[in-house]
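Below is one structure, written out as structure tokens; the observations come after it.
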Protein chains: 2
Amino acid sequence: MNYVVNRSLPRPDSRTKAIGQAAYVGDMSLPRMLRGVILRSPWPHASVLNVNTSRALRLPGVKAVITGKDTLGVTFGVLATSDKLMDRRALVTDKVRYIGDEVAAVAAVDEDTAMEALALIQVEYGPLSPVYDPAEALREGAPLVHGDKPGNVSKRHVVKAGDLEAGLRESAVVREDRFTTHPEAHSPMEPHVTLAQYDATGKLTVWASTQSSFFVQMDLAKTLGLPEGRVRVIKPHVGGGFGGKSDGMDSLDFCASLLSMKTGCPVKIAYSREEELIYTRRRHPLIIELKTGVRKDGTLAARQCRALLDGGAYNSWGPITTILSSNWNLMPYRMTNYLYEGIRVYTNKAPGGAMRGHGAPQIHFAVESQLDMLARDLGMDPIELRLRNALEAGDLNPLGFYIPSSGFRECLEEAARRAGWKEKWGKLPPGKGIGVGCSGFVCGAAFPVRPTAAAFSAARIVISGDGQVTLLTGAVDTGQGSDFTLSQIAAEELGVPIELISVVAADTDLTPVDMGNFSSRTTMLAGNATKSAAASAKARVLEGAADLLEAKAVDLLSQEGRIFVKGSPERGVSFVEAVRAAYRMAKGQQITAEGVYVPNPRLISPSISFSVQIAEVEVDRETGQVQVTDLTSAHDCGVAINPMSVEGQLEGSVYMGVGYALSEELSEVDGQSIQSSFTDYHMPTVGEMPRVAALHVEVVDPEGPFGAKEAGEGTVGPTAPAIANAIFDAVGVRLVDMPLSPEKVLRGTGS
Amino acid sequence: MNYVVNRSLPRPDSRTKAIGQAAYVGDMSLPRMLRGVILRSPWPHASVLNVNTSRALRLPGVKAVITGKDTLGVTFGVLATSDKLMDRRALVTDKVRYIGDEVAAVAAVDEDTAMEALALIQVEYGPLSPVYDPAEALREGAPLVHGDKPGNVSKRHVVKAGDLEAGLRESAVVREDRFTTHPEAHSPMEPHVTLAQYDATGKLTVWASTQSSFFVQMDLAKTLGLPEGRVRVIKPHVGGGFGGKSDGMDSLDFCASLLSMKTGCPVKIAYSREEELIYTRRRHPLIIELKTGVRKDGTLAARQCRALLDGGAYNSWGPITTILSSNWNLMPYRMTNYLYEGIRVYTNKAPGGAMRGHGAPQIHFAVESQLDMLARDLGMDPIELRLRNALEAGDLNPLGFYIPSSGFRECLEEAARRAGWKEKWGKLPPGKGIGVGCSGFVCGAAFPVRPTAAAFSAARIVISGDGQVTLLTGAVDTGQGSDFTLSQIAAEELGVPIELISVVAADTDLTPVDMGNFSSRTTMLAGNATKSAAASAKARVLEGAADLLEAKAVDLLSQEGRIFVKGSPERGVSFVEAVRAAYRMAKGQQITAEGVYVPNPRLISPSISFSVQIAEVEVDRETGQVQVTDLTSAHDCGVAINPMSVEGQLEGSVYMGVGYALSEELSEVDGQSIQSSFTDYHMPTVGEMPRVAALHVEVVDPEGPFGAKEAGEGTVGPTAPAIANAIFDAVGVRLVDMPLSPEKVLRGTGS
């Protein structure tokens, strides 16, 4: 029986955020603070021949201007395990590679003055031939985005498992389809913003809107030539990241820091919505050639996938995306005969990076759409086809995915039942349709992103002399509520009310290392580290209680603020009495303990979550407009630490999935973005949101803390294919190119 | 051989302070921050019959007004081990007890508006008879400042040791003199200031200019009815305390917090210089009746002391001052036959509290002046008399002072030699004179001030995976440089360069408990805790090195960033390599350790510092003006961790001692202060400062970290008597009433 976890307790930050009390970097101000802005390239591809800053420097109110020449010129990147993977500079030194590449930065007394100074910086460019199309970029003789990357190849990844040809031979039906997906913007409500203060002691303090304080610290230290101990990165409240703030340092962090070092004043830089939307990273567009063979009984027999990832100008997380795009092909179904080739290419556009789901929504769109086609080819119910192949607890697939627990089958059955699948599929009136999509997702990954001696996740528990508990964690809450999830885990393990827990998070001077918020890792990795730290701290408190109760510590239970003898609940002391006794026994030494969690390096992830979504749509045959009316989302995230938070994640990911499926598209002409604001980059409005039925299928995961798995990312994968399959069910149009826009629907119906 | 301690390394905060970069509470600003001001009583003693705030609340811009009725009405006080000792309320509920007592507080959009609102608060007072004179306050029928304190006695302390009468009978000379001392203001450059933010999560965060974050936290929790874990107190840079910020919570901390709770906005309250000067605590004025007997050979044979402490309206530290005033009587000389009676009385004036030296400058003025008279009565050199009675290492006096080390004798001899005592004493031209004063002082005290399970001092060392070191300490640097002193101790113990150390200090959410900055406790108590934490953390690093070097950890030395085999310095690894190895050996678990220090409770203090000062003066016989021309200060603070910092302390305390001796006087008429600013409260100007020769007598204290003792407080004691004795030597006038003003000198010379 759990007392604190698996309860829908309200998050303490909800109210502060609702009433505007929570402080984001944008709310912060320091004495003598300057504002910084960044000069960006207007050219998609050009040599930078000369930058003249003298006129800008003469403008009253301007305090400093920096260009690539003021930097050490070193490269950096989120994947820092090898120099070859790091291809970006904080300010360009040789040439620009996309419209928006960072050329210079200004610090001035206010933002207007800084903007005015930008216009006074004279940059002499030597235009070079650009390349935009990923297939063209691969051709012999194409312009090279990076001189040292022949063929513009950022990453090539090939996987072979089983016997593809044999599998195809056994197949009753083999389909070969080509799918394309579009770039999507993360669009956090809070664009990137940073505040840097370098003081005369030689210490740099940066308040950054980031998904990883530790990455930002490492990158700033490297690019500024400072010891890591001289760089402190603090994450205040963050207004969403969705992968867009998971790279570590961004140009603004560097520029604010260097401008602060030059001026001796704090410097704040905030990206505008336009900068955030079109110059930062986006979800990779993919061209997916997918060949799948199915036996007569519906068993998946073979798959071949060729993926071409349009990487834009820099690596970012892209090499990992190329690998993950293979992994998602084998998720969440059994498959043994498999061949994958993924190639990520450089082009003169804004870089592709990690975005919620990290490669999965693209691959799932292809795979789950094709499964729908295969089911129809076989004359089989698409849900039946999926059940036939579902991964089960105990499975270990050829790529190294081990399944410690699975509620996937239950998710399929429960979603179908609740959505009325049998009564609706193929039977709805014209213009109405129903479709299904599925996904499986990792709970943190076992690969190292950074070379560091520290564990992937560590947490510290400190219990003060009056029984208050502080959880120190490097884990990064960007609004999803992980600080409170970890608090619930700590309270449950310690056996104390949630009110006793305070959290100090993501401050590199104060908290144990945690790599940050990506790969849906926090609940599993930081959660296990927290649980382990709490267990060790509790051991000392139990010793205190044992002394008071004249019992053995192993015979005691800590629950709801009380410690008592198992089986004799009347023989007990309060938690705080036990704490005081433990302090006395150690001459007043603080009660504190650290826990770490290190995933099994032989597995891709400690566990896998599962998600099934059934979409119902109404298609307007006059306009091609698709309205998703209902979305039934069944989710196996193990034991939900906070069911209300999990529901929030489910609803949020449906929102993101609907936007991805239907309308959120970044497009460009000659490297120049068409969109520049939320007026033309269309995120769904409240009227476009479907009714969401969130079904929680609870299984107890043996690896997760109190049985929990991830809940925020995998759920974004099934939405687009469920909608595409529902559109087919409604109007018989099979859309293979995203987004599923009215134009494409109309073209399909021949209207 | 020490590498980091006992070196005059520059403090990293010096430069940030010099260029204005260091942030004090006054520099801080938060979104929607309000300003608060406090309404004070214009009456010295009156019932508060009614407070009407309605007109003030109607003033546009006023956000909240609070009075005693808005509080829980609970008492608080720095001495919180007993309810009887706590006699103050954050806002008065029944009556006011001195001009300045806090009646109400206002929060408004700016300070002007808040001040305007103060004038609109209508308070109906019922005036009561006041009492100002401490002797009168003791009389039968005197008005009672506190109804539950008969006879206005705040504290009575009697000590008896040996046989007074026998000692007096053995004496060749017995003197009986009466001395009086005056109230002195702490006058930190930064008056009290606080910024409080209560947020919707129910957490109160307070940035306070304080000498004890933990006291403030405890007091706020108590008076606001919050759990301690919901109150976080952070000490930013502090511009001096000198004991005036050592009480814990002050009225402004409470008012800012409650006003923030009422308004939901952050509230800042800053005392004006006038408020700081005349309404906060001050050095106790004492009336000292001193009787001392000396044998013919100069041996001190007996002492009787009666001390009457004018306590003002509240206890503050006063009961402790009453005890300490006894202790200082037996310092730094041997004395066995002793009788002391100290009485602290309440009067209707601003309270007396702790101030640098805490009772010692008053008692030393009397004792050291009287020793000068006794020496002259015996026909003995005053330095000879002192040498005859000097405490030595190994001594344990009747009050429980144990002397683990003493350089007192060397201080006397060295100061006399350097000042040219033999050539000058009694031999200078008319109007010029020379005099000596001495003191001994505690290095932290063993008595508990607060009931807490935590150790008196604890420190934590965290070593990150790249070898950076963070020292977490609750110790409070108020400008004296203790953060850097502790950094040097940590670096020395770890064997790393000082640059690797970062300090996080005095933040109740983050740092281990340390009671704070008083009783000259930081170097001894927090220093030993730091050393112990560093030693434990080092042990893990040595294990890492041992693994790499295939050696035993006990055979290794860590010095200057390198760990090597004792006797084979070429067989070594860098500190950071060893750290990485230690991380690997523990699956990436952070290297961290805590150390605590608990003084021996049977002794008053772990050790004693000694100080000798020789003053030379020129007395203008026309005006009575005294110019201290030279001051030779010899000091035994054990091994100076940072000799340059110690010199700073010596010079600063001479400055404070000269001001105390000659000009810094708070005076009042009918409870109303005469002074209100630095124009009429006269601190010495640069021209009034003597030339200071600082002599450091180095002994290695067995208890202190690396042999160190206190260096900041004992040195303020000898200055006034040295000057008084020099005035006598110059013009034959014996001044027994402080300050040693021109009027008194002229009166003495009969001019």
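The values are calculated or read from the model by the stated rules, or taken from the named source; none is laboratory data. Bear in mind the structure is a predicted one, so any value in this text is a computation, not a measurement. Here the Cβ positions follow ideal geometry from the backbone for every residue, glycine too, while neighbour counts run over all protein chains shown.
Descriptive notes on the structure:
- Scanning region A:559-612 for residues that are touching a strand residue (DSSP E or B) at 6+ places or on another chain (Cβ under 7 Å), facing chain B (nearest Cβ under 8 Å) and assigned to a loop (DSSP other than H, G, I, E, B) yields a count of 4.
- Residues being in contact with a Lys or Arg (Cβ under 9 Å, 6 or more places away or on another chain) and either part of a strand (DSSP E or B) or under 13 Å from residue A:631 (Cβ atoms) (or both) - total across region A:674-695: 2
- Only residues that are among the hydrophobic types (A, V, I, L, M, F, W, C) and within 21 Å of residue B:379 (Cβ to Cβ) were counted across region B:392-425, and they come to 4.
- Unique residue being modelled with pLDDT of 95 or more, more than 30 Å from residue B:61 (Cα to Cα) and over 28 Å from the mean Cα position of the chain (by Cα) when the list is B:127, B:134: B:127
- Check on residue B:455, in contact with a Gly (Cβ under 6 Å, 6 or more places away or on another chain), at pLDDT below 95 and either in a loop (DSSP other than H, G, I, E, B) or within 12 Å of chain A (Cβ to nearest Cβ) (or both): yes
- Region B:398-421 residues that are more than 30 Å from residue B:160 (Cβ to Cβ) and part of a loop (DSSP other than H, G, I, E, B), paired with ones that are of a type in the set (D, E, K, R) and modelled with pLDDT of 95 or more (beta carbon under 8 Å, 6 or more apart): B:407/B:636
- Some residue of region B:680-701 being among the hydroxyl-bearing types (Ser, Thr, Tyr), closer than 19 Å to residue B:743 by Cα and touching a residue at least 24 places away in the same chain (Cβ under 8 Å): yes
- If you filter region B:422-452 down to residues that are buried (at least 20 other Cβ atoms within 10 Å of the Cβ) and over 28 Å from residue B:613 (Cβ atoms), you find that the one that is nearest to the other protein chains (Cβ to nearest Cβ) is B:452.
- Residue ID - farthest from the other protein chains (Cβ to nearest Cβ), chosen from residues in region A:1-40 that are aliphatic (A, V, I, L, M) and part of a helix (DSSP H, G or I): A:25
- Where a residue in region B:622-639 is on the phi < 0 side of the Ramachandran plot and crowded, with 24+ Cβ neighbours inside 10 Å and its partner, wherever it lies, is of a type in the set (Lys, Arg) and not in a strand (DSSP E or B), with Cβ under 9 Å and at least six apart: B:632/B:418; B:634/B:418; B:636/B:709; B:637/B:709
- Restricting attention to region B:491-513 and to residues that are within 11 Å of another protein chain (Cβ to nearest Cβ) and among the charged types (D, E, K, R), the residue that is surrounded by the fewest Cβ atoms within 10 Å (Cβ to Cβ) turns out to be B:499.
- As for region B:473-480, it holds at least one residue that is in a strand (DSSP E or B) and under 21 Å from the mean Cα position of the chain (by Cα).
- Residues that are assigned to a strand (DSSP E or B) and either within 19 Å of residue B:175 (Cβ to Cβ) or not aliphatic (A, V, I, L, M) (or both) within region B:698-744 comprise just one, B:737.
- Of all residues in region B:643-673, those satisfying the criterion of being part of a helix (DSSP H, G or I) and hydrophobic (A, V, I, L, M, F, W, C) are B:644, B:646, B:650, B:654, B:656, B:658, B:661, B:662.
- Residues being closer than 19 Å to residue B:168 by Cα and under 24 Å from the mean Cα position of the chain (by Cα) - total across region B:282-304: 1
- Residue list for region B:229-249, filter: within 14 Å of another protein chain (Cβ to nearest Cβ) and surrounded by fewer than 24 Cβ atoms within 10 Å (Cβ to Cβ): B:229, B:230, B:232, B:234, B:236, B:237
- In the set A:204, A:226, only one residue is within 14 Å of chain B (Cβ to nearest Cβ), without any contact (Cβ under 8 Å) to a residue 60 or more places away in the chain, in contact with a Ser or Thr (Cβ under 7 Å, 6 or more places away or on another chain) and on the phi < 0 side of the Ramachandran plot; that residue is A:204.
- Of all residues in region A:203-242, those satisfying the criterion of being assigned to a helix (DSSP H, G or I) and either of a type outside the set (Gly, Ala, Ser) or under 16 Å from residue A:22 (Cβ atoms) (or both) are A:214, A:215, A:216, A:217, A:218, A:219, A:220, A:222, A:223, A:224, A:228, A:230.
- Considering region A:261-277, the residues that are of a type outside the set (Lys, Arg) and buried (at least 24 other Cβ atoms within 10 Å of the Cβ) include one that is farthest from residue A:165 (Cα to Cα), namely A:266.
- Any chance residue A:470 is part of a loop (DSSP other than H, G, I, E, B) and either modelled with pLDDT under 95 or within 12 Å of another protein chain (Cβ to nearest Cβ) (or both): no
- Residue in region B:482-489 that is assigned to a strand (DSSP E or B), more than 30 Å from residue B:616 (Cα to Cα), small (Gly, Ala, Ser) and in contact with a strand residue (DSSP E or B) (Cβ under 6 Å, 6 or more places away or on another chain) present: no
- Residue ranges of strands (runs of 3 or more DSSP E) in region B:61-177 with at least 2 members crowded, with 19+ Cβ neighbours inside 10 Å, touching a residue at least 60 places away in the same chain (Cβ under 8 Å) and in contact with a Gly (Cβ under 7 Å, 6 or more places away or on another chain): B:102-108, B:153-161
- Flag if residue B:546 is more than 10 Å from chain A (Cβ to nearest Cβ), surrounded by 18 or more Cβ atoms within 10 Å (Cβ to Cβ) and closer than 24 Å to residue A:590 by Cα: no
- Exactly one residue out of B:519, B:536, B:502 is outside the structural domain of residue B:649 (by TED's automatic domain parsing) and in contact with a Cys (Cβ under 9 Å, 6 or more places away or on another chain), and it is B:519.
- The sole residue among A:159, A:193 that is aliphatic (A, V, I, L, M) and either within 14 Å of another protein chain (Cβ to nearest Cβ) or more than 28 Å from residue A:322 (Cα to Cα) (or both) is A:193.
- When residue A:55 is tested against (1) touching a helix residue (DSSP H, G or I) at 6+ places or on another chain (Cβ under 9 Å); (2) farther than 30 Å from residue A:489 by Cα; (3) surrounded by 15 or more Cβ atoms within 10 Å (Cβ to Cβ), only condition (3) is not met.
- None of B:341, B:392, B:384 is under 29 Å from residue B:86 (Cβ atoms) and surrounded by fewer than 22 Cβ atoms within 10 Å (Cβ to Cβ) except B:341.
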